[in-house]
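Okay, so here's the structure we're looking at.
The values are calculated or read from the model by the stated rules, or taken from the named source; none is laboratory data. Note that the coordinates shown come from a computational prediction; the quantities given were computed from them, not determined experimentally. Ideal geometry is used to build each Cβ from the backbone, glycine not excepted, and the neighbour counts take in all protein chains shown.
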Amino acid sequence: MKVRFPQIALSAAALALAAAPARAMEFGICAHVGGDEFDIRDKEFRMMRKAGIRRVRCDFTWATIEPAPGKWDFRRYDRLVADADSRNIRVLPILDYDNPGAYPGHVMDHLDEWCRFVAAVVRRYRRHFDVVEVWNEPNLPFFWKSAPDAAQYAELLRRTCAAVKAVAPEIRVMMGGTAGADADFIEGIYANGGASAMDIVNIHPYTWPSAPDGFLDSSIRRVRAVMERHGDAGKPLWITEIGWPTHARRLDGAYTLLAGLAIARPERKVWRVVYAKLSEDGAGEAEAAGLRDILPPGSTAEAWGPARLAAELSTNAVDAVMLHTESFPLDALPALRAFVRDGGVLVSLGGVPMYYALDSAGRRVEGVDCNAVKASLHLGWKAWWTDSDMPREARAFPTDEALAHGYKGDPAGCPVSRFFSGARLAPGDRMVPLLVASDAKGAPAIAAAVFLLGSDLKGALVVSSGAVFNGGATEEFQAKYLTRALEIAEAEGVEAFFPYEMQAPEGDPFYSEHHFGLCHRDLSPKPAWEAYKRHIQSRR
């Protein structure tokens, strides 16, 4: 989950820190060598060694090590640590997760037992570890099985740090990497006494599906600003997960799109659609092909870059333009506005439309008032960080209007976290909800809608926060983005960098989690592995 906050101006001290020469970055890799990849660990270790990778990040799960109260089983981890040592690779253990088999409930209900587990692990592997990570992405309910709570996590971090230092004061304690550069959650850790309980701050600043430029650097600086406010500017910052998956393209929520188009222009049976690429050389052909697969027979879909959009877009040649999730090409903005003014249909699926402005190279452009852009299109929106009644995560279900126009979806609902409103509608405009969840007061929270515009704008908007192109980067772009992320992280003084992950399981061709790997399932390298290897060796 991406978490977004306003940009924070850096002080002179923070700017000086960013500009100061940094120590050489350490290069690691995430690999499930204690889990699904245990049987191929030595092959992975040998590949790491050849690439110059000297540290592997992996889970040390409480439930595996203490399957019953007071019953310890270190056999798997003993072998793992010994094999890593034989290849001169350090293990970065993630001490993590509830242990429902031995201690039902949440870890916070069993802190004494948790600390006993921590002490047992550190005591056994003291000479092998120099850093331990405390939990993984504690700001997500998927990993923190109650609602994520920075105060709770800060308490876990304090207790864990005390348990580690009591056994091995030389081992550095690192906070669990947050999903995204979650400055608010990190602020909460500091506000609850977390500074003295962590030697290293840690984030997972994924920028996928976008390139890292303008996203990764600003994410790092937001976190640095929090650290500085709490007198912690000199503390190391690590990135222990970042990556770009290469899964096949498929449009999730195709029925949301089709229902929206049918409502926007019921008389139209064949569509001419353009997919707006984020940059001149960016991806887009696969998305256009995905649109052709689901549009009515006889329809067309092409991918245009910003220059062509700016030069050729007109309602005479194009019926609808589809934006890529939350970003838009700034150079094409006047043409897009004119397109909607003259009756065109603008589509944005997946998050808040027009949240980020990008230049023709796909880099984020700072200083653009994107809320004003949305207001000029009469588009109102809200989310949990703008309206406390809005849920952070919810399930949305189709309206009668959506069902009447052919919507089909998961009976369990569509997962959503951003919402739309009619607050900016002008006289003559109308909003038709397609997917609706509930807010904290039980009122409708609209997660997908058609904005039928009939005032100064004659077009329509089809928007959804939950339907996106489920597709990754090409393997070539994965390599390109990884290289650029490394360069940005080095420039920003990040101490250690761990791509997620080594092996791609490649089970489901459309599931992102199965395709982050820098190597294929058989461990044959993707271009990103070779790019990472070249980068590491260039720094030796």
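Only one entry of Phe117, Phe129, Phe143 meets the criterion of being more than 15 Å from Gly188 (Cβ to Cβ) and out of contact with any helix residue (DSSP H, G or I) (no Cβ under 9 Å at 6 or more places or on another chain), and that entry is Phe143. Those strands (runs of 3 or more DSSP E) of segment 282-366 in which at least 1 residues are over 27 Å from the mean Cα position of the chain (by Cα), considering only elements entirely within it, cover 300-304, 320-324, 345-349.
Of the residues in segment 227-250, how many are more than 30 Å from Tyr532 (Cβ to Cβ) and either part of a loop (DSSP other than H, G, I, E, B) or assigned by TED's automatic domain parsing to the domain that holds Ile294 (or both)?
2
In this structure, is Arg49 within 29 Å of the chain's Cα centre (by Cα), of a type outside the set (A, V, I, L, M) and buried (at least 19 other Cβ atoms within 10 Å of the Cβ)? The answer is no for Arg49.
Scanning segment 405-432 for residues that are within 17 Å of Val340 (Cβ to Cβ) and either within 26 Å of the chain's Cα centre (by Cα) or of a type in the set (Ser, Thr, Tyr) (or both) returns a single hit, Phe420. Summed over segment 287-300, residues that are closer than 19 Å to Gly472 by Cα, in contact (Cβ under 8 Å) with a residue 24 or more places away in the chain and buried (at least 17 other Cβ atoms within 10 Å of the Cβ) total 3. One residue stands out among those in segment 517-540 that are assigned to a loop (DSSP other than H, G, I, E, B) and without any contact (Cβ under 8 Å) to a residue 60 or more places away in the chain: the one that is nearest to the chain's Cα centre (by Cα), which is Gly517. Residues that are surrounded by 17 or more Cβ atoms within 10 Å (Cβ to Cβ), in a strand (DSSP E or B) and out of contact with any helix residue (DSSP H, G or I) (no Cβ under 7 Å at 6 or more places or on another chain) within segment 411-432 comprise Cys414, Val416, Arg418, Phe419, Phe420, Met431, listed in sequence order. All told, Gly507 meets the bar of being more than 19 Å from the chain's Cα centre (by Cα) and either surrounded by fewer than 15 Cβ atoms within 10 Å (Cβ to Cβ) or not charged (D, E, K, R) (or both). With within 28 Å of Glu287 (Cα to Cα), more than 25 Å from the chain's Cα centre (by Cα), modelled with pLDDT under 95 and crowded, with 24+ Cβ neighbours inside 10 Å as the only criterion, which of Ala396, Ala460, Ala402, Ala467 stands out? That would be Ala402, the only listed residue that is within 28 Å of Glu287 (Cα to Cα), more than 25 Å from the chain's Cα centre (by Cα), modelled with pLDDT under 95 and crowded, with 24+ Cβ neighbours inside 10 Å.
Could you check, for segment 264-278, whether at least one of its residues is surrounded by fewer than 17 Cβ atoms within 10 Å (Cβ to Cβ), charged (D, E, K, R) and under 23 Å from Gly351 (Cβ atoms)? Within segment 264-278, not a single residue is surrounded by fewer than 17 Cβ atoms within 10 Å (Cβ to Cβ), charged (D, E, K, R) and under 23 Å from Gly351 (Cβ atoms).
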